[in-house]
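Have a look at the structure below before the remarks.
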Amino acid sequence: MTPPKGITKWKTKFFYIKAAAVATKMTFLNVTDTIISETIVVPRAGMVDWFPRLRTIGFKKLNNSQL
């Protein structure tokens with residue numbers, strides 16, 4: 001993306017992130033501050049309670065009139 005010519009260094013001034021994409025609370029920081037590393041637990045297949053309840057679904061061949 002090319003920024004408009006009137007806005008210089010626009011990446012350090014603002015940006016947008018969809019809230020659904022962020023797994024943790026975000027806070028405003030000064031660009032000169034050191035970023036502290038955080039460990040965020042990402043759920044895996046074995047960690048969620050619904051995963052063991054998943055079952056396979058059988059396939060049924062349909063003809064054109066059924067579709």
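Here, each number is a calculation from the coordinates, and none is a lab measurement. All values reported here derive from a predicted model rather than from experimental measurement. Glycine gets a Cβ as well: all are built from the backbone with ideal geometry, and neighbour counts include every protein chain shown.
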*Could you give every pair whose Cβ atoms fall below 7 Å, whose first residue belongs to the stretch 26-51 and is of a type in the set (V, I, T), and whose second residue is assigned to a loop (DSSP other than H, G, I, E, B), counting only separations of at least 6 or pairs across chains?*
I40/A23; I40/T24
*asked:* Just to be sure I understand, how many residues within the stretch 17-28 are assigned to a loop (DSSP other than H, G, I, E, B) and small (G, A, S)?
replied: 1
_Could you check the stretch 29-65 and list, in sequence order, the residues that are among the aromatic types (F, W, Y), assigned to a loop (DSSP other than H, G, I, E, B) and within 23 Å of the chain's Cα centre (by Cα)?_
W50
